[in-house]
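> After the structure tokens below, expect a handful of questions from me.
The values are calculated or read from the model by the stated rules, or taken from the named source; none is laboratory data. All values derive from a computational prediction rather than experimental measurement. Counting neighbours? That spans all protein chains shown, and the Cβs are built from the backbone with ideal geometry, glycine included.
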């Protein structure tokens, strides 16, 4: 099993290209099931999760062709042809690899009228129940039941438009309802919908495929169903979580880095905190420049919230920064109830963190010490890499398959910017 070795103390300098967004690409791939025409996606990140979703789509009979990008900063191109679906069954072995696989449920039901999909797997960071997804489909007229760990759905007469009010903001449930509503009869109104940029990217692709969607970017989406969708060519948006992670890397390690492709608006909540901590962030013609020179970062308090608030997917990374910040900070996790699994590993490196319920109290130290640590989930794993950049000595991160699920060639990008980091194959 591969490991990542980091020798800390190296300042970062240069450019880091931001890949296409994982959380957008996976849902866009699922959208290919809505049409018999080919869907071509550009700027697709090279990730384990993308490969897993491609494998799942192939099991339905979807033709998947991937053309690799020529350079580190160039995403891949993927052609998805769902002209002839041969199955609507998503097995446990397929879906357990990542939670996003569950997003095939809505498109299959909308286009074919039936689907049988395993309950999802993925990172163990909380219960993340699927009831909101299923309630949305039931509101559209689907019959839904559980059978031996599988969700079975049928709508032989097709789905119908409905007014769906989500009791709390859920990106996944919003996307399930959105995908299903595009082919439903009549109008669907999704109230308290997620506003995350990845939802907007999915909406824009669906509109290019012929969907009728209003309210993109707002908390209420209105979808007028159409009889069929057609193919299109769509470029996957830049990954805001990757951009935020590398922004934090520049601050924790020190130096100056240009994040090519980063969009300020998409990580505005993070930028505000990094500037408060003492970092300098400016726009460039190609993205954002992040720098920290001299003084130790200052502690800032963090509370996760749905977009446009601070993203839960950057909580572990910002906590890594706070462990070496001047002063004390409070990190509150309001999205997932079990997302502090990185704390014991940071403690092995000398971090001072105390947890009470959904809150972590962090007392900054002048320096961390390199140590062997173990990744527990995708975002926690990269927080350990960030801590390693600032630590004295050598840090060895195990279970890096978590990293490969969500970060496109991370060690190559950081190494090109001056980090002493390498993948050790075993």
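> Quick check on this structure: which one of 48, 54 is free of Cβ contacts under 8 Å to residues at least 60 places away in the same chain, surrounded by fewer than 24 Cβ atoms within 10 Å (Cβ to Cβ) and in contact with a helix residue (DSSP H, G or I) (Cβ under 9 Å, 6 or more places away or on another chain)?
Answer to the selection: 54.
> Would you tally the residues in the stretch 1-27 being within 21 Å of residue 397 (Cβ to Cβ) and in contact with a strand residue (DSSP E or B) (Cβ under 8 Å, 6 or more places away or on another chain)?
Number satisfying all stated conditions: 14.
> Go through 385, 373, 343, 365 for me and flag whichever is under 17 Å from residue 411 (Cα atoms), out of contact with any helix residue (DSSP H, G or I) (no Cβ under 6 Å at 6 or more places or on another chain) and assigned by TED's automatic domain parsing to the domain that holds residue 405.
385
> Residues to consider are 222, 152; find the one that is within 25 Å of residue 308 (Cα to Cα) and in contact with a strand residue (DSSP E or B) (Cβ under 6 Å, 6 or more places away or on another chain).
Going through 222, 152 in turn, the sole match is 222.
> Can you pull out the strands (runs of 3 or more DSSP E) entirely within the stretch 323-392 that have at least 2 residues that are out of contact with any strand residue (DSSP E or B) (no Cβ under 6 Å at 6 or more places or on another chain) and within 18 Å of residue 302 (Cα to Cα)?
352-356
> Return yes when residue 84 is assigned to a loop (DSSP other than H, G, I, E, B) and within 25 Å of residue 342 (Cβ to Cβ) and no when it is not.
No, not satisfied.
> Related question: So how many residues does the stretch 278-312 have that are closer than 27 Å to residue 9 by Cβ, surrounded by 19 or more Cβ atoms within 10 Å (Cβ to Cβ) and in contact with a helix residue (DSSP H, G or I) (Cβ under 7 Å, 6 or more places away or on another chain)?
Final tally of qualifying residues: 9.
> In addition: Given the condition without any contact (Cβ under 8 Å) to a residue 12 or more places away in the chain, closer than 18 Å to residue 18 by Cβ and assigned to a loop (DSSP other than H, G, I, E, B), answer yes or no: does some residue in the stretch 252-271 qualify?
no
So that you can scan it fast, the table gives a plain yes or no per residue for (1) outside any helix (DSSP H, G or I); (2) out of contact with any strand residue (DSSP E or B) (no Cβ under 7 Å at 6 or more places or on another chain); (3) within 28 Å of residue 260 (Cα to Cα):
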| site | (1), (2), (3) |
| --- | --- |
| 29 | no, no, yes |
| 36 | yes, yes, no |
| 39 | yes, no, yes |
| 46 | yes, no, yes |
| 49 | no, yes, yes |
| 54 | no, no, yes |
| 58 | no, no, no |
| 73 | yes, no, yes |
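> Also, quick follow-up: I want to confirm something. Restricting to the stretch 129-148 and keeping residues that are over 18 Å from residue 163 (Cα atoms) and within 24 Å of the chain's Cα centre (by Cα), which single residue is modelled with the highest pLDDT?
130
> Name every residue in the stretch 385-406 that is over 21 Å from residue 256 (Cα atoms) and either over 18 Å from the mean Cα position of the chain (by Cα) or at pLDDT 95 or above (or both), in order of residue number.
Correct list: 393, 394, 395, 396, 397, 398, 399.
> Among the residues of the stretch 235-286, count how many are under 22 Å from the mean Cα position of the chain (by Cα) and on the phi > 0 side of the Ramachandran plot.
1
> Is it true that residue 69 is touching a residue at least 60 places away in the same chain (Cβ under 8 Å) and buried (at least 16 other Cβ atoms within 10 Å of the Cβ)?
no
> Looking only at the stretch 355-377, which residues are surrounded by fewer than 20 Cβ atoms within 10 Å (Cβ to Cβ), more than 18 Å from residue 403 (Cβ to Cβ) and under 27 Å from the mean Cα position of the chain (by Cα)?
355, 356, 357, 358, 359, 361
> Still on this structure: Considering only strands (runs of 3 or more DSSP E) fully contained in the stretch 168-228, which possess at least 3 residues that are touching a helix residue (DSSP H, G or I) at 6+ places or on another chain (Cβ under 9 Å), farther than 28 Å from residue 267 by Cα and modelled with pLDDT under 95?
In the stretch 168-228, there are no strands (runs of 3 or more DSSP E) which contain 3 or more residues that are touching a helix residue (DSSP H, G or I) at 6+ places or on another chain (Cβ under 9 Å), farther than 28 Å from residue 267 by Cα and modelled with pLDDT under 95.
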